[in-house]
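Read through the structure below, which is laid out as structure tokens, and then see the notes.
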Amino acid sequence: MARRKGPEPRTEQPGERISDPVPRVDAVAKASGSALYLDDIRVEGVLHARIVRSTRPRAKILSVRYPETPAGYAFIDARHIPPGGANGILMIRDDWPIFADREVRFRGQTIALVVGPDRGMLASLAQQTVVEYEDQVPVFTIEDSLVCSGGPIHDTDNLFADYHLRKGDPEAAFRAAAQVVEEEFRTGWQEHIYMEPQGCLASWKDGRLTLQASTQCPYYLRKAVAHALGCGKENVRVIAAHTGGGFGGKEHYPDVLATAAAVASHALGRPVKLVLDRQEDIQTTAKRHPSWIRIRTALNAAGGILGMDIDTRLAAGAFETCSCIVLQRSIFTSTGAYDIPNVRVRGRAFATNVVPSDAFRGFGAPQALFAIEMHMDHLARRAGVAPVDFKRRHFLSKGSLTVTNGRIYDEVLLDAMLERILAASDFRARAASARPGHGIGISFFNHGCAFTGSGERDLIKGRVGLRALADGHVRILSAGVDIGQGLSTAFRKVVARVLGIPLSRVLFDQADTDLVPDSGPTCASRSIMIVGYLLQEAAKKLKGCWTEGAEQEVWQEYSHPPHLVWDAERLAGDAYPTYGWGINVVEVAVDPLSFEPEVRNVWTIYDVGYPIDRLILEGQAHGGMSQALGYACLEKLELRDGVFLQGTMADYCIPTSLDFPPIRTELIENPYPFGPFGAKGAGEIVFDGGAPAFAAAIQQAIGAETSALPLTPERIRALAREAAG
Ligand code: MTE
Ligand code: MOS
């Protein structure tokens, strides 16, 4: 069948707003199958790889015996790391070994790769490997990690981080309290279920390693692979394949596969492809951090909040990954959208004998927001006040101090947003008239945009370029990756708009570290706000020196907004350059027999500065809310002896479009001066508020308080029964 060409990207007409939707530039290639994902890439002479995994959660390795291999097959392990290289996957630290050689710390950990021409042969060869272990007592929960049962896994205390924050005078607040309310909140793991499982293809040739990968962060991979092989970064070239979703799961985890594949390719002199199947991906890749959060609140005699004491504990898994930064975002979000005058926070990340947790959309904020939103809801109900009225009394506003004693510099439009969403959802009438089994809930939240503190200035130092070609096209030079969030369309729109040229004249290819500068990783909802702003400024420069028909390049480097103050040692000051804001309303019905929750209506409103494309944002809002509702009521991972019982998409169920009603989304404009056309980050805030709004609705439906996720029918039934006595 002849392939029809898709619609040409539409040119914006003068007078049109940049936010007016255009067809996504990657839509046709992705929908028609012409876009190449990692496993679609075919190379001559490729060898396939499979991971030989630990079957014990915690043990010393006494010996490893490999089976005889047929010709052309090989086992690759720590002994194959080249001299000068390191058996450590360099993320922030390199504590996670590429190949376990002395001990294993979680089930599923890589011990070796088995490599060969026929993929079908590899599983049985892996299975015939005999590893002799000396078992040690494993630790699976935060509670066990805290008491270091079986001796510490990490350091002397099992802590990857132990942070303290302090705002105002919390001790005085508790001394003055007429009443103290204390609650504990728990959340579990969540698996990313990106559409495309993890995979990479490493080719060592002529003293250089070329890596193609499904990734959010090509430059992270380059750093990790160079560290593993002990070569200069310039000897590693990373090309991002089309990446079928990431959600944070392809931020650091691809380093785990790429370093092993690179060692194998280096040892064998052949291209090596390592692609996980869905079950391996669910059972052995990084997850969202489980959390335990205790909030104690000091109240005065009238029920007003004097102060809070918050203890946040995340289960980090066996190695550090970026858990400390996830923990930072979690504690920096611990009082949510509220201005609490006196606060003490302690945050700890605990080592356990479970696959490491890592980045996942929201990055520690969703756990904190679930806790603070439910707690505020409970305080309100116990005081006999409607949660919406109680919460709005405490909203942060321009000039407020945050929990890290930073400033809210920009206008906060929560009151106006609240009016709009109350009207759109007819909230008060629905809340007042809810029959048993029906409920409506509301959540308020903010999300710090981009990297924490001075990370953009001191760690990332993003850089972009624009290259004008003789034929009038302009090529974007950035390492940003379109993981489905619409970045390739949004970047082009910004550049085309500034230059006043049609969208089709702006080119943007798959990131290739040989060809584009390091504009930073695709994470922390930073791409549009940080990299998009650099592109806007670069485009202004190019416009200023534009010569028709000439080849020319302009470059733009990140500079930190001068008003921001941050002390990285004390975690004090402006934790983020600015914040996005959101309100979610969720309406549910609970089946009286099966206790299955049904989401009836969802309304959302966001302040993300200014949308570069309204339709892309709506897509983010729908996807983020669906993922959040999955987290709230469906998605459950249970650990038994260190292995997840769920291993397929039949038992780890994520929502489909049939599970939820239409999600209505409104945006309020509040342009941010350091974002392109006023845009702020939007990719994660759309996840943050779904679970607490859902949980609040369930509470009303069953007349019981709740403090844990996920709210499966079994849990809802237990809570309802308990409440009924
Ligand atoms: N949307 C889609 N479709 N696929 C994804 O993988 N990742 C989310 C969010 N939206 C993701 C997504 C996460 S975790 C982040 S940090 C942001 O997109 C990253 O993109 P940005 O930097 O362009 O906001
Ligand atoms: Mo997103 S969790 O920062 O990739």
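Name the residue farthest towards the positive end of the dipole of segment 589-725 from the options Ala724, Tyr672, Leu658, assuming +1 on Cβ of Lys and Arg, -1 on Cβ of Asp and Glu, about the Cα centre. So the residue furthest toward the plus end is Ala724.
Of the residues Pro152, Val181, Pro170, the one whose Cα sits farthest towards the positive end of the charge dipole of segment 144-192 is Pro170 (charges of +1 on Lys and Arg Cβ, -1 on Asp and Glu Cβ, taken about the Cα centre).
Restriction of the trypsin sites (Lys or Arg not before Pro) in segment 96-159 to DSSP coil positions whose beta-carbon has at most 15 other beta-carbons within 10 angstrom yields Arg102.
Note: segment 276-367, Cα convex hull, 97 Å³ per residue.
Among the DSSP helices (H) of the chain, those spanning at least 27 angstrom by Cα along their long axis with an average Kyte-Doolittle hydropathy of 0.0 or more are 614-633; this is a geometric and hydropathy rule only.
Ligands, DNA and RNA left out, the 1.4 Å accessible surface of the chain is 51% carbon and sulfur atoms. In this entry, segment 330-442 is assigned a mean projected area of 9.9 nm², taken as a quarter of its C-alpha convex hull surface. Accessible surface computed residue by residue for segment 235-326, with neighbouring protein chains in place and a 1.4 Å probe, gives 19 Å² per residue. Taking the average, over residues, of other Cβ atoms within 10 Å as the packing measure, peptides 584-592, 125-133 rank 584-592, 125-133 from highest down. Placing unit charges on the Cβ atoms only, positive for Lys and Arg and negative for Asp and Glu, gives the chain a dipole magnitude near 540 debye about its Cα centre.
Enclosing the Cα atoms of segment 175-310 in their convex hull gives a volume equal to 148 cubic angstrom per residue.
Length gained on full extension, Glu714 to Ala429: 99.6 nm, using 0.36 nm per residue less the C-alpha separation.
Report the FRET efficiency, 1/(1 + (r/R0)^6), for Val385 and Glu68, where r is their Cβ-Cβ distance and R0 is 56 Å, rounded to 0.05. Calculated transfer efficiency: 0.15. Each distinct pair of alpha carbons in segment 370-434 adds a 1/r term; the inverse of their mean, the Kirkwood radius, is 13.5 Å. The modelled label-to-label distance between Glu669 and Glu553, using points 7 Å beyond Cα along the C-beta direction, is 3.7 nm. Relative to the 2.2 N^0.38 Å rule of thumb, segment 31-150 has a C-alpha radius of gyration ratio of 1.29.
The slack in the chain from Ala704 to Glu722, taken as 0.36 nm per residue of separation less the alpha-carbon distance, amounts to 5.7 nm. Computing FRET efficiency as 1/(1 + (r/R0)^6) for Asp567 and Glu411, where r is the C-beta to C-beta distance and R0 is 22 Å, gives about 0.25.
Each Lys or Arg adds one and each Asp or Glu subtracts one; over the other residues with Cβ under 13 Å from the Cβ of Arg65, this totals -3.
Count Lys and Arg as plus one, Asp and Glu as minus one, and take only other residues whose Cβ is under 10 Å from that of Phe660; the net charge is then -1. Using only Cα atoms, locate the centre of segment 79-125 and the centre of segment 683-710, then give the distance between them in Å, rounded to an integer. First find each Cα centre; the distance between them is then 40 Å. Assuming charge only on the beta carbon of Lys and Arg (+1) and of Asp and Glu (-1), the dipole of segment 158-250 about its Cα centre is about 640 debye to the nearest 20.
The rule of thumb for compact globular proteins, 2.2 N^0.38 Å, goes into the C-alpha radius of gyration of the chain 0.95 times.
Only helices enter this figure: runs of n ≥ 4 DSSP H residues, each worth -39500 (n - 2.57), summed and divided by the residues of the chain, yield -7500 deg cm²/dmol at 222 nm to the nearest 500.
Based on protein heavy atoms only, segment 22-66 ends up with 52 Å² per residue of surface accessible to a 1.4 Å probe.
Centre-to-centre, using Cα atoms only, segment 467-519 and segment 430-461 are separated by 31 Å.
The simple spin-label model puts a point 7 Å past each Cα toward its Cβ; for Gln279 and Asp206 those points are separated by 4.2 nm. Given 0.36 nm per residue, what is the gain on full extension from Lys461 to Lys233 after removing their alpha carbon distance, in nm? Full-extension gain reported as 80.4 nm. Provide the FRET efficiency to the nearest 0.05 for the Arg17-Glu419 pair, computing r from the beta carbons and using R0 = 30 Å. After rounding to 0.05, the efficiency reads 0.80.
With Cα atoms defining each centre, segment 631-681 and segment 241-261 are spaced 19 Å apart in the structure. Ranked by the mean number of other Cβ atoms within 10 Å per residue, highest first, peptides 553-565, 450-462 order as 450-462, 553-565. Each label was represented as a point 7 Å from its Cα along the Cα-to-Cβ direction; for Leu469 and His560 these points are 3.8 nm apart.
Binning the alpha carbon pair distances of segment 603-725 at 5 angstrom intervals from zero yields the distribution 2, 10, 16, 17, 15, 14, 11, 7, 5, 2, 0, 0, expressed in whole percent. The residue among Ala380, Asn446, Asn405 whose Cα reaches farthest toward the positive pole of the charge dipole of segment 372-506, with charges on the beta-carbon of Lys, Arg, Asp and Glu, is Asn446. What is the diffusion coefficient of segment 560-649 in µm²/s, taking the Kirkwood radius over Cα pairs and the Stokes-Einstein relation at 4 °C with a viscosity of 1.567 mPa s? D = 74 µm²/s.
The values are calculated or read from the model by the stated rules, or taken from the named source; none is laboratory data. Nothing here was measured: the structure is a model prediction, and the numbers come from that model. Heads up, the Cβs are rebuilt from the backbone with ideal geometry, glycines too, and the neighbour counts pull from every protein chain shown. Accessible surface is based on the protein model in full, side chains and every heavy atom, while ligands, DNA and RNA are left aside. Shrake-Rupley method; radii C 1.70, N 1.55, O 1.52, S 1.80 Å.
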